[in-house]
Amino acid sequence: MSVRVPAKVNLQLSVGPIRDDGYHDLVNVFHAVSLFDQVTAQHAPRLEVRVKAAPYSRVAVDDVPVDEGNLAAKAARLVAARLGVEPGAAIRIRKAIPVAGGMAGGSADAAAALVACARLWDDRDRPVLTRDDLVELGAELGSDVPFAVLGGTAVGVGRGERLTSALTRGTFHWVFATADGGLSTPAVYAECDRLREIRGEAAAPPVVSEALMTALATGDAKGLGAALTNDLQAPALALRPSLERVLDAGHDFGAVGALVSGSGPTCAFLAETEEDAGDLAQALDGAGVARQILRAQGPVPGATVV
Ligand code: ATP
């Protein structure tokens, strides 16, 4: 059973006050882009995970755990427990999504493993688990997992896991600049809290950007570029000042929008047309500001059996 699953970029990531449970209140507009990991699950006597870079992808996979720490293994165990079966599966992950890059690669693999293992172990004629059940199981694994099951463009509230699909028109053209070495998501949130404390800023309750929703619904790339926001960008730049130069380069080369993707360090650039995206990618590549320049389109569907 083979499943293809997309990376995400956050079009809006508004970080509100810390809740009683220790999580931040978020408004998170997720957008799935055509950069895919592939997760394959086969019947096996026990659960095992192998991880490789996808052909030609140059993703550094050394830091991805292949034991119980892998989110795909956790997803497989969750599906097995729900179905009351033994978690016997050989899971192979081919990664094209940068690791610890702010594009939710681990969550994507978890979503793909949910779909793959449900198909592998669930009764084909009368499946017990619906896609909604998998979205719900995904929320137990992490707040980015439900979106990777669904894909498209969606607004997440709460910890980011309560999702509503957003209306979009047409296709948006993206260029991504990856960096050497990841940024830890908890470290970036901690830096966000630290910066707010020293600046004496109180976090306002987050609200969905109307300008962003209008740009999405009308397929307006310029409007979308102007409406992109990420509250984790300042802390990511504080931890990795070299990203400023990457964002500046994107602006200089004509991107209609530029921001740090999620908790970084990948930077995302929006181009007005497909042709502009090609030019932008070439210019960024020539400037040598990134480990790798990748192109993608969005929105694309979530975890899909192939
Ligand atoms: P996000 O955007 O959700 O904050 P990210 O893209 O920054 O996430 P991931 O690639 O999901 O980061 O990886 C974060 C950490 O999760 C890695 O350093 C790795 O140790 C761990 N991890 C567990 N399972 C996986 C997996 N299948 N793929 C990648 N990383 C995994």
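Select from the range 140-182 the residues that are at pLDDT 95 or above and touching an Asp or Glu at 6+ places or on another chain (Cβ under 7 Å) and list them in ascending order. Those that are at pLDDT 95 or above and touching an Asp or Glu at 6+ places or on another chain (Cβ under 7 Å): PRO146, HIS173. Filtering the range 84-107 to residues that are within 6 Å of the ligand (Cβ to nearest atom) and not hydrophobic (A, V, I, L, M, F, W, C) leaves GLY101, GLY102, GLY105, GLY106, SER107.
Only one residue in VAL149, VAL155 is of a type in the set (A, V, I, L, M), out of contact with any helix residue (DSSP H, G or I) (no Cβ under 7 Å at 6 or more places or on another chain), crowded, with 19+ Cβ neighbours inside 10 Å and more than 30 Å from GLN282 (Cβ to Cβ), so which one is that? First the steps, then the outcome.
On the way: VAL149 fails: out of contact with any helix residue (DSSP H, G or I) (no Cβ under 7 Å at 6 or more places or on another chain).
On inspection, the qualifying residue turns out to be VAL155.
ALA110 falls short on exactly one of the conditions (1) in contact with a strand residue (DSSP E or B) (Cβ under 7 Å, 6 or more places away or on another chain); (2) farther than 14 Å from MET1 by Cβ; (3) near the ligand (Cβ under 9 Å from one of its atoms); (4) not basic (Lys, Arg), and that condition is (1).
Going residue by residue through the range 16-29, is there one that turns out to be acidic (Asp, Glu), touching a Lys or Arg at 6+ places or on another chain (Cβ under 7 Å) and crowded, with 19+ Cβ neighbours inside 10 Å? So that I can check it myself, show each step before the final result.
Restricting attention to the range 16-29, the residues satisfying the condition of being acidic (Asp, Glu) are 20-21, 25.
Filter again for touching a Lys or Arg at 6+ places or on another chain (Cβ under 7 Å), leaving 25.
Checking the rest, the ones that are also crowded, with 19+ Cβ neighbours inside 10 Å come to none.
Looking for residues that are acidic (Asp, Glu), touching a Lys or Arg at 6+ places or on another chain (Cβ under 7 Å) and crowded, with 19+ Cβ neighbours inside 10 Å, one finds none in the range 16-29, hence no.
Yes/no per residue for (1) under 30 Å from ALA177 (Cα atoms); (2) surrounded by 21 or more Cβ atoms within 10 Å (Cβ to Cβ); (3) not β-branched (Val, Ile, Thr):
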{"site": "VAL64", "(1), (2), (3)": "yes, yes, no"}
{"site": "ALA81", "(1), (2), (3)": "no, no, yes"}
{"site": "GLY88", "(1), (2), (3)": "no, no, yes"}
{"site": "SER107", "(1), (2), (3)": "yes, yes, yes"}
{"site": "LEU114", "(1), (2), (3)": "yes, yes, yes"}
{"site": "ASP133", "(1), (2), (3)": "no, no, yes"}
{"site": "GLY138", "(1), (2), (3)": "yes, yes, yes"}
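Of the residues THR266, THR218, the single one that is within 16 Å of the ligand (Cβ to nearest atom) and β-branched (Val, Ile, Thr) is THR266. When the range 191-224 is filtered for residues that are over 14 Å from GLN12 (Cβ atoms), part of a helix (DSSP H, G or I) and not charged (D, E, K, R), the ones remaining, listed by number, are CYS192, LEU195, ILE198, ALA217, THR218, ALA221. If you go through the range 5-15 and pick out every residue that is buried (at least 24 other Cβ atoms within 10 Å of the Cβ) and of a type in the set (Val, Ile, Thr), you end up with 2. Considering only the range 227-241, I want to know if a residue exists there that is more than 16 Å from the ligand (Cβ to nearest atom) and among the basic types (Lys, Arg). Looking through the range 227-241, none of the residues is more than 16 Å from the ligand (Cβ to nearest atom) and among the basic types (Lys, Arg).
When you scan the range 65-156 for helices (runs of 4 or more DSSP H) that lie fully inside it, which ones turn up with 3 or more residues that are within 20 Å of ASN28 (Cα to Cα)?
Once the helices (runs of 4 or more DSSP H) in the range 65-156 are filtered for at least 3 residues that are within 20 Å of ASN28 (Cα to Cα), what remains is 105-121, 131-141, 145-150.
Quick check on GLY181: is it in contact (Cβ under 8 Å) with a residue 40 or more places away in the chain, within 16 Å of the ligand (Cβ to nearest atom) and of a type in the set (Gly, Ala, Ser)?
Numbers: in contact (Cβ under 8 Å) with a residue 40 or more places away in the chain: yes; within 16 Å of the ligand (Cβ to nearest atom): yes; of a type in the set (Gly, Ala, Ser): yes.
When the stated conditions are applied, GLY181 passes them.
Scanning the range 20-53 for residues that are in a loop (DSSP other than H, G, I, E, B) and either touching a residue at least 60 places away in the same chain (Cβ under 8 Å) or within 12 Å of the ligand (Cβ to nearest atom) (or both) returns a single hit, TYR23. Scanning the range 205-216 for residues that are surrounded by fewer than 14 Cβ atoms within 10 Å (Cβ to Cβ) and in contact with a strand residue (DSSP E or B) (Cβ under 7 Å, 6 or more places away or on another chain) returns PRO205, VAL207. Considered as a group, the residues in the range 283-306 that are without any contact (Cβ under 8 Å) to a residue 40 or more places away in the chain and surrounded by 14 or more Cβ atoms within 10 Å (Cβ to Cβ) include one that is nearest to ALA72 (Cα to Cα), and that residue is ASP285.
Selection over the range 177-190 of residues that are outside any helix (DSSP H, G or I) and surrounded by 11 or more Cβ atoms within 10 Å (Cβ to Cβ) gives a count of 7.
The values are calculated or read from the model by the stated rules, or taken from the named source; none is laboratory data. Computed from a prediction, not measured in an experiment: that's the story for all the values here. Note that we place each Cβ from the backbone using ideal geometry, even for glycine, and neighbour counts take in every protein chain shown.
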